[in-house]
1. Take residues that are β-branched (Val, Ile, Thr), open to solvent by 60 Å² or more (accessible area, probe 1.4 Å) and free of Cβ contacts under 8 Å to residues at least 40 places away in the same chain and tell me which of the strands (runs of 3 or more DSSP E) falling wholly in the range 1-84 contain 2 or more.
2. Counting only residues that are assigned to a helix (DSSP H, G or I) and surrounded by 15 or more Cβ atoms within 10 Å (Cβ to Cβ), how many does the range 97-106 have?
3. Are there any pairs with C-beta distances below 6 angstrom linking a residue in the range 114-141 that is without any contact (Cβ under 8 Å) to a residue 12 or more places away in the chain to a residue that is loosely packed, with under 13 Cβ neighbours inside 10 Å, with the two at least 6 apart or on different chains, and if so which?
4. Pick out the one residue from Asp109, Asp145, Asp160 that is of a type outside the set (S, T, N, Q), open to solvent by 80 Å² or more (accessible area, probe 1.4 Å) and in a helix (DSSP H, G or I).
5. Test Gly94 against the stated conditions and say whether it is at positive phi, more than 14 Å from the chain's Cα centre (by Cα), not basic (Lys, Arg) and not in a helix (DSSP H, G or I).
6. Tell me, please, whether a residue that is closer than 22 Å to Gly85 by Cβ and out of contact with any Gly (no Cβ under 6 Å at 6 or more places or on another chain) can be found in the range 133-140.
7. Given the condition of a type in the set (Lys, Arg) and in contact (Cβ under 8 Å) with a residue 12 or more places away in the chain, answer yes or no: does some residue in the range 158-173 qualify?
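The values are calculated or read from the model by the stated rules, or taken from the named source; none is laboratory data. Note that the structure is a prediction, hence the values are computed from the model and not measured. Glycine gets a Cβ as well: all are built from the backbone with ideal geometry, and neighbour counts include every protein chain shown. Accessible surface areas use protein heavy atoms only, side chains included; no ligands, DNA or RNA. Shrake-Rupley method; radii C 1.70, N 1.55, O 1.52, S 1.80 Å.
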Amino acid sequence: ITQTGLDGLEVAASYRPLSLFGTDFAAVIEQDLSEISSPAGELADGLLTKAALLAALLAVVSWLLARSLSRPLARVGTAMREIAGGELGTPVHGKHRGDEIGEIACALDEFRDELEAAETVRLQSSIQSTAFEACSAAMLMVDQDFTISYTNAAFKKLVDKRLVDFRTVTPDIEPDRL
């Protein structure tokens, strides 16, 4: 029961009838409500303080974690865009990391190296093709089965000029199909 106590403060009171040596008594116990709720208030204040500190700590850890992921990913993304734009000398950062970002950076670095090698082969092939085509000597390319795969203009002129001679060896030769 909640009531006003003897000192005028609000109290929680409890009573119980007793019978002692044939005489009826009542035992009344009262305690100030502020004394009863004080430990609960202190506990609530402590929990709120700890929860606020924990939330602040989690915010700092989350920020640091996001920063440790977003910056390296942004750098790898920048390198990807530059390599895609043809800047094959672009360095790839983050290869030393032991996580997924490091794996992505290593794969991008290998891809860039392969693109550089392919570009070198393309340039060499272009130079050789230009030299082959522009050469005044009659030239042809054959595969390992000796099937003609490519001829230059000088070779086609030679075949046209000596078609009668070529047909004595290869009767079905057609200069337009070479």
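1. So the answer is 2-4, 23-32.
2. So the answer is 5.
3. If the second residue must be loosely packed, with under 13 Cβ neighbours inside 10 Å, the pairs left are Met141/Ser149.
4. The unique qualifying residue is Asp160.
5. The answer is no for Gly94.
6. no
7. Scanning the range 158-173 turns up no residue that is of a type in the set (Lys, Arg) and in contact (Cβ under 8 Å) with a residue 12 or more places away in the chain.
Conditions (1) open to solvent by 90 Å² or more (accessible area, probe 1.4 Å); (2) modelled with pLDDT of 85 or more; (3) of a type in the set (Gly, Ala, Ser); (4) in a loop (DSSP other than H, G, I, E, B), marked per residue:
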| position | (1), (2), (3), (4) |
| --- | --- |
| Gln128 | yes, no, no, no |
| Ala131 | no, no, yes, no |
| Lys156 | no, yes, no, no |
| Asp165 | no, yes, no, no |
| Asp172 | yes, yes, no, yes |
